[in-house]
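Since the structure comes first, as structure tokens, the remarks are kept for the end.
Each value in this text was obtained by applying a stated rule to the coordinates, not by laboratory testing. Note that the structure is a prediction, hence the values are computed from the model and not measured. No Cβ is skipped: glycine too gets one built from the backbone with ideal geometry, and neighbour counts run over all protein chains shown.
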Amino acid sequence: MSQNGFSFAMKTPTSPAALRVARSLTKLHVAEVSEIVKIPRRAIAAVEAGESSVNDHNVRLLEFYESKGIEFLGELTFGKDVARSGARWIAPEKIDFIESEEYHTEKTGVSFAAARNLLGLKQAEAEARSGVSLNAIGKLETGQPWPSSLEKLHKFYLNSGVEFLGWSSVRTQLFYGVGVRWRS
């Protein structure tokens, strides 16, 4: 409680990169998010590009993605930017609590689309920087196997400062908490 007897909750805005990751994980397009959240597409694009000073839009997007099961990550020091920001699907804290319907699951343990969005790259830019073909990037981002390029793309993202998140259950053969964040 504050000195005047009132209490209020204040949400800290997240980084533009974390919002891009969240949209990527939910597989939603800007137009879909705009329609649901009632924020103009250009305003969403500005927030995701770090070109908006409207914290309300950032927080509304953050709350929307949280309602979809996304957990935002980061280390906060007051007066500084959020460090190690990113996003992932909420995961069970203990393997004993796994009920596959309660948590979002993935069939693969990495989200290459989320990694690319953390870096703020288009697929063509990722192709130019990684040396992995556009076709392979597209296939890997949709979870399709492309063994000859998988390790090369994974290494590119790791070398670019991306930390992949998530773990699997032997029992369900599914991955929980899949997402990405900046490595320290």
Checklist line | Rg/Rg_globular for segment 16-182, with Rg_globular taken as 2.2 N^0.38 Å and Rg from C-alpha atoms | finding: 1.04
Check: Rounded if a/c is under 1.5, else prolate if a/b beats b/c, else oblate: with a ≥ b ≥ c from the C-alpha gyration tensor eigenvalues square-rooted, which is segment 93-184?
Finding: prolate
Check: Which order results if I44, I36, I90 are arranged by neighbouring Cβ count within 10 Å, fewest first?
Finding: I36, I90, I44
Margin query: Of Q173, G69, T108, which is farthest towards the positive pole of segment 59-184's charge dipole, taken about the Cα centre with +1 and -1 on the beta-carbons of Lys, Arg and Asp, Glu respectively?
Written below: T108
Check: Among the lysines in the chain, how many pairs, 8 or more places apart or on different chains, have alpha carbons under 17 Å apart?
Finding: 10
Notebook entry, point to check: Quick one: if you take sqrt(5λ) for each eigenvalue of the C-alpha gyration tensor of segment 41-133, what semi-axes come out, biggest first, whole angstrom?
Noted result: 25, 22, 14
Notebook entry, point to check: Just from its helices, what would the mean residue ellipticity at 222 nm be for the chain, if runs of 4 or more DSSP H residues each count -39500 (n - 2.57) and the sum is divided by every residue, rounded to the nearest 500 deg cm²/dmol?
Noted result: -12500 deg cm²/dmol
